[in-house]
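Reading through the structure tokens given below for one structure.
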Amino acid sequence: MNASDLPVANNTPVCYSIKSPPFNFNPSVTSIYFSAIFMALGLPSNLIAFIVLFKSFQRTCSRSRSFFLIFLGGLVVTDFMGLLVTGSIVVSFYVTHFNWRQIDPNCHFCNFMGMSMVFYGLCPLLLSATMAVERFIGINHPFARSTSMPKSRTVSMVLMVWLIAGCIALLPLTGLGSYHIQMPGSWCFFNISSEGKDMAFSLIFSLVGLVCIAVSFLLNTVSVVTLIKVCCGQDRTQRRRDHEVEMMVQLILIMIIASVCWCPLLINILMSVVTAASVTPEMLLFYIRMATWNQILDPWIYIMCQVSRLRSLSLKLCCLEGLSGSNTYCCGCALPPGTRS
């Protein structure tokens, strides 16, 4: 059914024209525990990751790494706000069991949540693709990027990504697609349909997400190959790029997590539109929960990489201490007392 092309009968708002609450709850499918656990895991993780990135940004001397950290900071802020905004609405519904038709007779609240779902869903994918483009240029064409480029340019790129995602999220309010209440009544999302304007928006959402993942995969693969050639070349001792390797490892992990979490939902939406197959509420809810794990797992990439760096630094310091004649064995250096280089 295509709600955006049909007149609203009996003065029923668009967001309730296909499914009208209240719905019958199915405890085996819907539960407050999913949303509560997601928020309990995701919000502190993203907050810790932001602190870690901020401290790294203050200490870094590498211009390329500072650019990369700004992108990561934008990704962390997006994930944090996405969990906070959407999770708060879902948890509030399960706690109070409020009636959508009473508190939101004109669909403003439902439209806001639908926009939030689309915006905070596309932002990580768009940011990952933008980061892949920036790393591709920085590694493969270092002279194409001016060494004097200000950090404000990177901030502007993050803001531009947010603007693009926001414009896409606003499309259903202009008539291209429509936001609807979704079973079990705790959230709103756009109408996945194979007809009319709803089909157009479904294609836009799924194709933008899949293209972002494909661009990230392609450019990251080329960047990794280039780094391998550089690090394993004849001049590898002078051309080591430890910070470049570290950034690529983080970017590859971000891409893998995004692909695993988002591809099932994006592919399912695309196939539903192409084949005109209906999407069951249970499967849609399952795919949404899979996508939510992206916002929870992303921050641990930065946290674990930072822990790994601190361990590497402490190992080097201990080894230097052993080489300088210390009588202690620390950090597994296993240097005999008095050993000199």
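Between the stretch 59-83 and the stretch 195-227, what is the separation of their alpha carbon centroids in Å?
Here the answer is 21 Å between Cα centres.
So if R0 is 41 Å, what FRET efficiency would Ala40 and Lys229 give, r being the distance between their Cβ atoms, rounded to the nearest 0.05?
Taking R0 as 41 Å, the efficiency between Ala40 and Lys229 is 0.40.
Run the numbers for Ile267 and Val211: contour at 0.36 nm per residue of separation, minus the present Cα-Cα distance, in nm.
Here the answer is 19.0 nm.
Suppose the chain between Leu47 and Gln102 were pulled fully straight at 0.36 nm per residue; how much longer would it get relative to their current alpha carbon spacing? Write out the running numbers ahead of the final one.
Working: separation 55, 0.36 × 55 = 19.80 nm, distance 3.50 nm.
Length gained between Leu47 and Gln102: 16.3 nm.
Let me know the Rg and Dmax you get for the stretch 30-323 when you use only its Cα atoms, in Å.
21.1, 74
How much length is gained on full extension from Ser156 to Val222, taking 0.36 nm per residue of separation minus their Cα-Cα distance?
Fully extending the segment from Ser156 to Val222 adds 21.2 nm.
If you rank His97, His180 by fewest surrounding Cβ atoms within 10 Å, what's the result?
His97, His180
If each residue's Cβ is checked for other Cβ atoms within 10 Å, how do Val222, Val90 rank with the fewest at the top?
Val222, Val90
Could you calculate the FRET efficiency of Arg63 with Ile32 from 1/(1 + (r/R0)^6), where r is the beta carbon distance between them and R0 is 45 Å, rounded to 0.05?
So, using R0 = 45 Å, E works out to roughly 0.45.
Exposure proxy check: Val76, Val208 ranked by fewest other beta carbons within 10 Å?
Val208, Val76
Hey, what's the per residue convex hull volume over the C-alpha atoms of the stretch 61-187, in cubic angstrom?
Numbers: hull volume 15.5 nm³, N = 127.
Dividing the Cα hull volume of the stretch 61-187 by its residue count gives 122 Å³.
Here, each number is a calculation from the coordinates, and none is a lab measurement. Everything numeric in this text was worked out from a predicted model, so none of it was measured. Note: ideal-geometry Cβ built from the backbone for every residue, glycine included; neighbour counts use all protein chains shown.
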